[in-house]
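To keep things clear, I will list the structure first and then write my remarks on it.
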Amino acid sequence: MGCDMIQVSGMPFQLTDSSNFGNEQTIIIKAMIDAPSLYSFSSFNDLLFDINLRKEIIESAKEMSEGESEFTTFQYTQCNPEYWYLTTEGGFQLNRNKYPSDAIRDIYINSSLYAFECAMACVITFYKATLDRIGEGMFNYVFQNLYLYSWHTDVDLGLYTFYGDHFIPGDVVYFNNPEYDPSTPWYRGVNAVAMFDDDVFGHGFGIKSTEGMIQTLNETRKPESNQTAYLTSLVTRISIQNSANRSTLNPLYKQQPMIIHHNKPSISYRHYLSYLYKMFMS
């Protein structure tokens, strides 16, 4: 592992004692430095933005774990009707004349009114972290007409996924349970936010160690199964630009991704994308 796995403005970035970072920021930076892949930023402000966004993702995941929202399948999804319209497919459509920022925050403030599955939980966590990082004004301007369902996101969230050889705190990872019991298909896997100290947060599972998450999934396997659940190499991230660099185009005219109502809880983002590809090819 090299000491120049972070570049800022094309130059290697070194973490020194004089660097004015908090403990959690330092952990994230060290994870990037120790990674086998290069993390390149056009400016120090962009580096700082990414680190702080990851910190907010972890904080939002922790806050969700401490709340009262429940895990459920799309058939039984619940939300606060003051802010969201519950669609027949189990999605949350932002109500008219409601601010996106207030609606996202309500999922945390009135968490007992909400129930959703783990992919949706990760998306909510990403939105909450972004809101806390860019502020209400910019968030409400960029993320108008929010719709929450599985891995569907606004294009400006910059969601992407890949097979990686490492992950950084603030990423979402996927645990696969290949021999899940068909009577409980929501245990086919879990999308989990990578926290600190090898912990992960999966909605409905809470915060566990990586091994603890695998052990919990193994307890849900079908009878006489012999293949263990495992942590895959799938990594899912968001790519939010610093608000100062954001486009000033009217968000109402941006092209949003198609919505795929698949009714399968606990699938990875890559699995969700496979439905999109099939739709395009048909």
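The values are calculated or read from the model by the stated rules, or taken from the named source; none is laboratory data. Just so it is clear, the model here is predicted, and its values are computed rather than measured. With ideal geometry, Cβ positions are generated from the backbone for all residues, glycine too; neighbour counts draw on all protein chains shown. Heavy atoms of the whole protein, side chains included, go into the accessibility calculation; ligands, DNA and RNA do not. Shrake-Rupley method; radii C 1.70, N 1.55, O 1.52, S 1.80 Å.
Give the carbon-plus-sulfur fraction of the accessible surface of the chain in %, rounded to a whole number; probe 1.4 Å, heavy atoms of protein chains only. Here it works out to 48 percent. Counting heavy atoms of the protein chains alone, Arg133 has an accessible area of about 80 Å² for a 1.4 Å probe.
Beyond 23 Å in Cα-Cα separation lie the following of the pairs Lys98/Lys264; Lys30/Lys62; Lys55/Lys208; Lys222/Lys264; Lys55/Lys128: Lys98/Lys264. Rounded to the nearest 20, the size of the Cβ-charge dipole of the chain about its Cα centre is 860 debye, with Lys and Arg at +1 and Asp and Glu at -1. The phi-based Karplus calculation (6.51 cos²θ - 1.76 cosθ + 1.60; θ = phi - 60°) puts the 3J(HN,Hα) values of segment 63-78 at 5, 5, 5, 8, x, 10, 5, 10, 7, 7, 8, 4, 4, 10, 4, 9 Hz, whole numbers, x for Gly and Pro. In order along segment 98-113, the phi-based Karplus estimate (6.51 cos²θ - 1.76 cosθ + 1.60, θ = phi - 60°) of 3J(HN,Hα) comes to 10, 6, x, 4, 5, 5, 5, 5, 5, 4, 8, 5, 10, 4, 5, 8 Hz; Gly and Pro are listed as x. Taken about its Cα centre, segment 38-157 carries a charge dipole of roughly 140 debye when the Cβ of each Lys and Arg holds +1 and the Cβ of each Asp and Glu holds -1. Candidates Thr130, Gly202, Gln255 compared by Cα position along the dipole of the chain: farthest toward the positive end lies Gln255, with charges placed on Cβ. Over the chain, DSSP H runs of length four or greater, each weighted -39,500 (n - 2.57), average out per residue to a 222 nm ellipticity of -10000 deg cm²/dmol. The GluC sites (Glu not before Pro) of segment 140-237 meeting both criteria, a DSSP state outside H, G, I, E and B (loop) and at most 16 other C-beta atoms within 10 angstrom of the site's C-beta, are Glu219, Glu224.
The 1.4 Å probe gives accessible areas that order Ser183, Ser268, largest first, as Ser183, Ser268. Projecting the Cα atoms of Ile27, Met5, Phe41 onto the dipole axis of segment 1-122, where Lys and Arg carry +1 and Asp and Glu carry -1 at the beta carbon, places Phe41 farthest toward the positive end. Here the dipole of segment 136-282 is about 580 debye; that uses its Cα centre as origin and unit charges on the Cβ of Lys and Arg (positive) and Asp and Glu (negative).
Using a ≥ b ≥ c from the Cα gyration tensor of the chain (square roots of the eigenvalues), is it rounded, prolate or oblate, where a/c under 1.5 gives rounded and otherwise the larger of a/b and b/c decides, a/b for prolate?
Because a/c hits 1.5 or more and a/b fails to exceed b/c, the chain counts as oblate.
Modelled spin-label separation between Leu231 and Leu38, with each label point placed 7 Å from Cα along the Cα-to-Cβ direction: 2.7 nm. Note on exposure: Tyr160, Tyr114 ranked by accessible area (1.4 Å probe, complete protein assembly) read Tyr160, Tyr114, with the most exposed listed first.
The value of relative contact order for segment 64-207, using C-alpha pairs under 8 Å at least six residues apart, is 24 percent.
In the chain, a dipole from Cβ-located charges (positive for Lys and Arg, negative for Asp and Glu) runs towards its positive end, and of Leu113, Tyr99, Val190 it is Tyr99 whose Cα lies farthest in that direction. Listed values for segment 21-31 are Karplus-derived 3J(HN,Hα) couplings in whole Hz (6.51 cos²θ - 1.76 cosθ + 1.60, θ = phi - 60°), namely 10, x, 4, 5, 4, 5, 4, 5, 5, 5, 5, and x replaces Gly and Pro. Annotation: amide H of Glu70 within the under-5 Å range of Tyr114, Ala115, Phe116, sequence separation 5 or more or interchain, hydrogens built in the peptide plane.
Residue order by solvent-accessible surface for His271, His203 is His271, His203, largest first, with ligands and nucleic acids left out and a 1.4 Å probe.
Amide H to amide H, with H built 1.01 Å from N, Leu159 comes under 5 Å of Ser239, counting only residues 5 or more places away or on other chains. Amide H contacts of Gly189: Asn177, each under 5 Å away and 5 or more positions distant or on a separate chain (H built 1.01 Å from N in the peptide plane; Pro and chain starts excluded).
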